[in-house]
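First up is the structure itself, then whatever we jot down about it.
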Amino acid sequence: MKKNRFGERLAAFRERLAERKLDAAVVFGQANVNGLTGVDCDNACLLVSAGGSRADAVFYTDFRYVPAVERTAPWVKVGDIRKLLGEKPLKVRGFSFGRVGYESDISKARFDRLRKVFPGARFVDIAKDIRELRAVKTPWEIECLRAAERLNDEIWRDARKSFKAGMTEKDMARVIRHLMIERGDGEAFATIVCVGRNAAECHHVPDDTVWNGREPVLVDMGVKLDGYCSDMTRNIVPPRQSRLYRKVYDLVLAANELGIRSVRPGITGGQLDGIVRRFLRKNGFGKEFGHSLGHGVGMEIHEAPAAAKKVETVLRPGMSVTIEPGVYLVGSLGVRIEDLVVVTETGCEVLSHSEK
């Protein structure tokens, strides 16, 4: 039988339900279902019952996906999603549920349906519980992240060779996108390319700005591979640049390296963000660093944990997080340097290896 890479996580989720005195949980989020079962399906619902004879998880989907689910995850039971969301599904199952976990970010229409499916049940938000479990990557997931970042490095290396003066930001983004489709599973997010002063817009949308071959270029990119994302930001630094640009670039690079050195088990996301933020503030550019230091990466490009102000999540071995300080001077320039790291027992492993 095919190996179940997510069995321990699903078992831990059941334990979490029992600790919170929940009878069951209904999971709809595509990445959450995937993270608990290893099945990526855009029309699915996972019903997980806690404890005793109800310890089974049932993967509900429709006719189109049943064969794929049975092939890729033979360890889960498969049910008809129409029956689960029908008028009397609980009589069919023979169970009654008093406290049911659900993801609070589902649509109101779906929540209203759940209230009919589980009449009289008290609904408890378990979105945070799933995020916390998914935040700690399995060894297999970490290897997937390594592979995705290796490919991202290769694509950046080859894309740079293709960039020429006279190309627009859109042209450069297309080069990267084409390589990601050709070698991986496409973009993990829309590639950001910023020429010159456009880099002061930290999430600039590539436009028809032409690169003259002499201006700095900021590129934020990530390829998706085998269901996992990568994320990295690099800059093309021309041989000649202004003193201000050189000062900002060197400062952001030092902030990036400080952030990486500061990653360790036991530190909170807020503390990590604060270390880098104080460094930039001390050097006169605190106000120009307006976004958080980083975020988790996995099946989704933005996952837990966050490295941001007031975040109390404690970093643990197996968690992934980006380190991406930036300084943005509107109308002048912008620099961001981003690496993806995985927390280890003693510090972190840097997954992105492109030259900075």
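Throughout, read-outs are computed from the coordinates displayed, never taken from laboratory work. Bear in mind that the values here come from a model prediction, so they are computed numbers and not experimental data. Note that we place each Cβ from the backbone using ideal geometry, even for glycine, and neighbour counts take in every protein chain shown.
Please find the FRET efficiency linking Ala12 to Arg278, where r is the Cβ-Cβ separation and R0 is fixed at 35 Å, and quote it to the nearest 0.05. Could the numbers behind the result be given before it?
On the way: r = 36 Å, r/R0 = 1.02.
Efficiency computed from Cβ-Cβ geometry: 0.45.
Would you kindly state how much longer the chain becomes between Ala147 and Asp105 on full extension, computed as 0.36 nm times their sequence separation minus their alpha carbon distance, in nm to one decimal?
Details: separation 42, 0.36 × 42 = 15.12 nm, distance 3.08 nm.
Extending this stretch completely gives an extra 12.0 nm.
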**Asked** Tell me, how many Å apart are the Cα centres for the stretch 159-214 and for the stretch 257-282?
**Response** 29 Å
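Please rank Asp171, Asp23, Asp250, fewest neighbouring Cβ atoms within 10 Å first, as an exposure proxy.
Values: Asp171 17, Asp23 20, Asp250 11.
Taking fewest neighbouring Cβ atoms as first place, the list is Asp250, Asp171, Asp23.
For Gly270, what is the net charge nearby, where nearby means another residue's Cβ is under 11 Å from its Cβ and Lys, Arg count +1, Asp, Glu -1?
Values: positive: Arg277, Lys309, Lys310; negative: Asp273, Glu312.
Neighbour charge sum, excluding Gly270 itself: +1.
So, R0 is 30 Å and r is the distance between the beta-carbons of Ala165 and Ala190; what FRET efficiency does that work out to, to 0.05? Could the numbers behind the result be given before it?
Numbers: r = 24 Å, r/R0 = 0.80.
After rounding, the FRET efficiency stands at 0.80.
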**Message:** What does the extension gain come out to for Arg316 and Thr138, with contour length at 0.36 nm per residue minus their alpha carbon separation?
**Reply:** 62.9 nm
**Request:** Return, for the Cα atoms of the stretch 139-350, the radius of gyration and Dmax in Å, separated by a comma.
**Result:** 16.6, 49
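Write down the Kirkwood hydrodynamic radius of the chain, to one decimal in angstroms, obtained as one divided by the mean of 1/r over all alpha carbon pairs.
Values: mean 1/r = 0.0453 Å⁻¹.
Evaluated on the chain, it is 22.1 Å.
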**Item:** Extension gain from Glu257 to Thr346, taking 0.36 nm per residue of separation minus the Cα-Cα distance
**Value:** 30.4 nm
**Asked** Label points 7 Å out from Cα along the Cβ direction at Arg115 and Asn43: separation in nm?
**Response** 2.6 nm
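Considering the convex hull of the alpha carbon atoms of the stretch 7-135, report its projected area averaged over all viewing directions, in nm², one decimal. It would help to have the intermediate numbers written out before the result.
Working: hull surface 28.8 nm².
Projected over every direction and averaged, the Cα hull of the stretch 7-135 covers 7.2 nm².
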**Message:** With a 10 Å cut-off between alpha carbons and a GNM built on the chain, which of Asn32, Asn43, Asn198 moves the most?
**Reply:** Asn43
**Request:** Could you name the lysines whose alpha carbon sits less than 29 Å from that of Lys116, not counting residues in the same chain fewer than 8 places away?
**Result:** Lys21, Lys77, Lys83, Lys88, Lys91, Lys108, Lys128
**Request:** Would you calculate the separation in nanometres between label points at Lys83 and Asn212, each defined as 7 Å from the Cα along the Cα-to-beta-carbon direction?
**Result:** 6.9 nm
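Once you sort the root eigenvalues of the Cα gyration tensor of the stretch 149-196 as a ≥ b ≥ c, which label holds: rounded (a/c under 1.5), prolate (a/b larger than b/c) or oblate (the other case)? Write out the running numbers ahead of the final one.
Values: a/c = 1.94, a/b = 1.55, b/c = 1.25.
Verdict is prolate for the stretch 149-196.
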**Asked** Taking Lys287 as the anchor, which lysines have their alpha carbon closer than 19 Å to its alpha carbon, excluding any fewer than eight residues away along the same chain?
**Response** Lys247, Lys309, Lys310
